[in-house]
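Trainee: Can you keep this structure in mind? I'll have questions shortly.
The values are calculated or read from the model by the stated rules, or taken from the named source; none is laboratory data. Note that the coordinates shown come from a computational prediction; the quantities given were computed from them, not determined experimentally. Glycine also receives a Cβ, built like all others from the backbone with ideal geometry; neighbour counts cover every protein chain displayed. These area figures cover heavy atoms from the full protein model, side chains too; ligands, DNA and RNA do not enter into them. Shrake-Rupley method; radii C 1.70, N 1.55, O 1.52, S 1.80 Å.
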Amino acid sequence: MGRHATTRTRRRILLPLLALALAAVLGAATWVAVAMARSEPACEPVRVVVAASPDIAPAVTEAARALDLVCVAFDVRPRESGQMAEELSGTAPKPQAWIPSSTLFLGRAEGVPASGPSIASSPVVLAVAEPVARSLGWPRKSLTWPEVLADAGVAAGMPDPVHDPAGVSALLALREVTKGASDPAAAYVALLRKFSATTSGATAYPAAENAVLRHNSGLLEGETALVAVYSPDAPALDYPFVEVAGATPQQGKAVTELKRTLLHGAATGPRSDLRAPGGQALRLTETDQRVEAQGQRSAEIPAAEEVAKALSQWAGVHASARVQVLIDVSGSMSAPVPGTGKSRLRITLEAAENALHLFKSTSQARFLAFATKVDGERDYREILPMAPIRQQLAAVDRLRAVRAVPDGQTGLYDSVLDVYRLAHEEWERGKLNLVIVMTDGRNTDPGGISRENVVAELGKLSDRDRPVPLIAIGIGPEADVTELRQLVAPAGGQAFLSRDPAKIGEVFYGALGRIAGAG
């Protein structure tokens, strides 16, 4: 499938053809569909703004018009879900209701519930160029994701999973593909590397089923049709309906009525390319034969930690990084973690070792241990020098051999400041330059730099043109998250807390994904 066809597909996903036609008529850059209800001469209509994912906005507009409420004007605005989540967290005027394409976006916004009732669904599929699908045996048989991805001739692409829920859904489904492998983690990384970080020029890539339908219905000469390949392990787009804080009582009543009619199927009628919640059969009167109209099962959307881990793994595979990792080896790190038979330090070192598999082979890393006076008067020492990931993987025995210093205190501030300076001196353009510090306590070095001074010095080093995010991960019940947040703030970083040391791996992956996704 050529580059031109892929660009058209993304354009259809972002702005439906109906929206384009209406925008042209109105002469406006943004389509705003206003559904005016019945009015009386002395009535001043109550305006109700509904922000909706562009692929469902036309159906929401039609449902709002059909309500026929007295003195109500519904203003349905097609808005990309990621952009709307950012606006809801800012100071811009807010809608009274929001229908993003996926529940995944709700956690990114402020002033909205963490979940909402689904008014429609669309499975996430592998959109495969029809000639490729035919070469693999379609339509004589239904294809599977493993069959498609195992073919050496397939050029697999991935929409940006930080912004596109189809990408996130695919990452979660791909993890299931490799569960039966002898080494699932290595197999998953190998599978992710098969995907380019773009859909341009791809002959197979994750997409919503409704996007495939729209692509095929508007084919121009020379464009390639797409065949939808399904996976029950891929969470579907679920179009949750949520009410936004701040609505007046009149607006709230209108929003409730709109929600009621949408929950009764107003968005998934015979002309819709969306399914009812739960993936029931498509109700289109004439369904494209490249899409399976019968009911489809989809996986549940997992917890936020699982999503963060998937994003971090993708970021590690597709972003070259230059990472400094500071590991606390003070005496308290030798404390046992209940139920594991391991110490805090051992679990932390295992998380750091596993993280090496997340990074691209072109990434580089340095590992350092810190406590107090572990290298003469210096509070830190180098365990592994800065080197490519493949070299570090060959030298992990040196990392595993690290032991806690029995009487060592936590020389946090001096160590972080020195290593942060080093990261700025070694900064490389085009790479994700990071400093990661993993500690189970607060600074306890009486002869070291003060908190106020270390924060001031880190602020002086901060450079928007040469960013070095500082990630602080607190381990165990004694970790001071307030201190860590103050420490990372001037460096444009983030602090994370794992009260249960046994879960440090999940927190580490999530932290990396958040920073890499924002970078």
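Trainee: Where in region 129-218 are the helices (runs of 4 or more DSSP H), entirely inside, with at least 2 residues that are open to solvent by 10 Å² or more (accessible area, probe 1.4 Å), closer than 25 Å to Ser272 by Cβ and modelled with pLDDT of 90 or more?
Mentor: On the way: elements: 130-135, 145-150, 165-177, 184-192, 209-217.
So the answer is 209-217.
Trainee: Is it the case that region 93-106 has a residue that's out of contact with any strand residue (DSSP E or B) (no Cβ under 7 Å at 6 or more places or on another chain), at pLDDT below 95 and at positive phi?
Mentor: Among the residues of region 93-106, not one is out of contact with any strand residue (DSSP E or B) (no Cβ under 7 Å at 6 or more places or on another chain), at pLDDT below 95 and at positive phi, which makes the answer no.
Trainee: Can you name the residue in region 110-123 that is more than 17 Å from Pro54 (Cβ to Cβ) and touching a strand residue (DSSP E or B) at 6+ places or on another chain (Cβ under 8 Å) and is also most open to solvent (accessible area, probe 1.4 Å) among such residues?
Mentor: Going through the qualifying residues, I end up with Ser115.
Residues are listed down the side, and each one gets a yes or a no for (1) without any contact (Cβ under 8 Å) to a residue 40 or more places away in the chain; (2) open to solvent by less than 10 Å² (accessible area, probe 1.4 Å):
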{"residue": "Pro54", "(1), (2)": "no, yes"}
{"residue": "Ala57", "(1), (2)": "no, yes"}
{"residue": "Thr61", "(1), (2)": "yes, yes"}
{"residue": "Ala64", "(1), (2)": "no, yes"}
{"residue": "Asp68", "(1), (2)": "yes, no"}
{"residue": "Val76", "(1), (2)": "no, yes"}
{"residue": "Met84", "(1), (2)": "yes, yes"}
{"residue": "Thr91", "(1), (2)": "yes, no"}
{"residue": "Trp98", "(1), (2)": "no, yes"}
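Trainee: Find the helices (runs of 4 or more DSSP H) located wholly in region 390-495 whose residues include 2 or more that are in contact (Cβ under 8 Å) with a residue 60 or more places away in the chain and surrounded by 20 or more Cβ atoms within 10 Å (Cβ to Cβ), and list them.
Mentor: Filter on region 390-495 gives 412-425.
Trainee: Return the total of residues in region 283-339 being farther than 27 Å from Gly474 by Cα and of a type in the set (Gly, Ala, Ser).
Mentor: So the count comes out to 4.
Trainee: A further question on this structure: Looking at the structure I just gave you, is Ile347 closer than 30 Å to Ala127 by Cα and either open to solvent by 60 Å² or more (accessible area, probe 1.4 Å) or touching a helix residue (DSSP H, G or I) at 6+ places or on another chain (Cβ under 7 Å) (or both)?
Mentor: So Ile347 fails the test.
Trainee: Got a number for residues in region 287-335 being in contact with a strand residue (DSSP E or B) (Cβ under 6 Å, 6 or more places away or on another chain) and either among the small types (Gly, Ala, Ser) or surrounded by fewer than 16 Cβ atoms within 10 Å (Cβ to Cβ) (or both)?
Mentor: Final tally of qualifying residues: 4.
Yes or no, residue by residue, for (1) within 21 Å of the chain's Cα centre (by Cα); (2) within 22 Å of Lys194 (Cα to Cα):
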| position | (1), (2) |
| --- | --- |
| Ala85 | yes, no |
| Pro93 | no, no |
| Gly111 | yes, no |
| Val132 | no, yes |
| Leu136 | no, yes |
| Pro159 | yes, yes |
| Ser169 | yes, yes |
